[in-house]
Amino acid sequence: MKRKLGALLTGVALTASLLAGCSSNANDPNTITFWTPLTGEDGAYMDNLVKAYNETDPAVKVKHVVTADMYTKISTVLSSGKGVPDLAIIHADRVPGYVKQNQLEAMTTVMQAQPELKEDNYLPQAWGAGNIDGTQYTVPLDIHANVMYYNKDLLAKYGAESFLDDNNVTVDEILSLQGKMDEGDYVVNDALLGWAMLGQIQNLNGDIQEDGKPAVNTEVMKTAVEDVKKINDAGLMTPFGEDGYLMFQSGNVLFSTDGTWSSTAHATVENLNFGVTNVYSVSPDKFTNRSSSHLFAMFNNEQRLDEKEQGIGAFLEFIRENSVEWAKAGQIPASKQVVESPDFSQYMQSFFTSDEKEIESLYIYTYEYYPYISEAVDKYVGDMVRGNVDIDETLQTMQKEVEDKITESTGAATKTGE
């Protein structure tokens, strides 16, 4: 149980703890220390939100600390019990592991203090990513997804406007352009190819786990790789080793499978006439945009004051009502109040909350060992799609690497517990 403010003030002197240059206000009753891994431009947008909140003159203000290599530093402070932040942003795939290791505090008291912090007020995938066995451990900030941008001028040039009629661009439709592209032009790049591949698993009604065990070396994974490989074999994918993202910005690529957050960068490119749709699909009946979510979480911290949890609740309620600012970073706010507002409709990523089918397409993997699988897919998918390696042998290698990492991690966790 956390100590009350009065008892803490009489028994402990208020001091500042430092971790690798990051100040912690764990014992400061007037400051919530808030760590995030937002080292890019998104960190500036979070700064704006924190500043706007602090200007409301709350009882407990928030200090935003952008923390490079945050997960490593979180591990260090949790081990020592010193300098643990009051609040942090973590990714959805981290929740199951932290909960299993008993390192997250449930959001129960925060939600009780702010009754609008509830499931009905958030996009379902983002809320559900923080729910483990009926307990809510996080409150969501956003969904950020793999999406597909298209060059409107090239779409017209190659007579491919009909591909967007159902907002489901299929591999077969892409292959229909074989032999029709001018030299130097390509139909699709390989941006976030691993994310795109994980979306195809869902399009084929597969999964990355079976009965809690990793499932990488599967027929579904093989089929997904082989179908996307057809695009490369037809000469329609940007060349291996080339920066397909920049080639899209240069006007030589019809489709770019990067992220919601890229819309801000694409918008700065002069004469790039572009729009956004769903990532291409190996199925004519289903499309999936592999996604993740930034989630607010509280790591176990005996030093966190009860008053701070009240302050955290007030801050998260402010974010729920005002996170349209976060859309400027190219993200999809998780708050329904925000995504259903006229202000959000001006942002390109509002396409992905325009109807229930689009919302359902934002698929977040929550399997406990997803990070290991994602790492393996990202490591090998490029070579498999390009034909540089044997698919069957590589899937076997991937399966073994994932299993070995799980064994290593569970052994380390057991040793730490002992």
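Measure off, as a whole percent, the carbon and sulfur share of the 1.4 Å-probe accessible area of the chain, all protein chains present.
Here it works out to 46 percent.
Would you grab the residues whose amide H sits under 5 Å from the one on residue 209? Only those 5+ places off in sequence or on another chain, please, with H modelled 1.01 Å from N.
215
Taking the 0 to 90 degree range and rounding to the nearest ten, how far is the long axis of helix 193-203 tilted relative to the main principal axis of the chain, both from C-alpha atoms?
For 193-203 against the chain, the angle is about 80 degrees.
Taking only Cα atoms, what is the 0 to 90° angle, nearest 10, from helix 42-54's long axis to the longest principal axis of the chain?
Result, in degrees: 30.
Using only alpha carbon pairs under 8 Å that are at least six residues apart, calculate the relative contact order of the chain and give it in whole percent.
The value is 26 percent.
Just checking my list (1) 35; (2) 31; (3) 26 against percent of Cα pairs over 34 Å apart computed from this structure; which label fits?
This structure yields the entry labelled (1).
Under the definition of Cα pairs under 8 Å and six or more residues apart, what whole-number percent is the relative contact order of the stretch 238-330?
Taking the mean separation of contacting Cα pairs over the length of the stretch 238-330, I get 27 percent.
So what is the accessible area of the chain per residue, in Å², with the probe set to 1.4 Å?
The answer is 43 Å² per residue.
Counting only C-alpha contacts under 8 Å and six or more residues apart, can you give the relative contact order of the stretch 163-294 as a whole percent?
It comes to 43 percent, rounded to a whole number.
Treating the angle as unsigned and between 0 and 90°, give the value, to the nearest 10°, between the Cα long axis of helix 391-417 and the longest Cα principal axis of the chain.
Computed tilt is about 0 degrees.
Past 22 Å, Cα to Cα: identify those pairs from 82/405; 63/100; 180/286; 230/286; 51/308, in the order given.
Table pairs above 22 Å Cα-Cα are 82/405; 63/100; 180/286.
At 0.36 nm per residue, minus the direct Cα-Cα distance, what do residue 209 and residue 113 gain on full extension? Give it in nm, one decimal, please.
30.9 nm
Could you name the aspartates and glutamates in cross-link range of residue 328, using Cα to Cα under 15 Å and dropping any fewer than eight places away on the same chain?
The qualifying aspartates and glutamates are 41, 42, 47, 142, 343.
The values are calculated or read from the model by the stated rules, or taken from the named source; none is laboratory data. Given the structure is predicted, the values throughout are model-derived calculations rather than measurements. The protein model used for the area step is the full one, side chains on, heavy atoms only, and it has no ligands, DNA or RNA in it. Shrake-Rupley method; radii C 1.70, N 1.55, O 1.52, S 1.80 Å.
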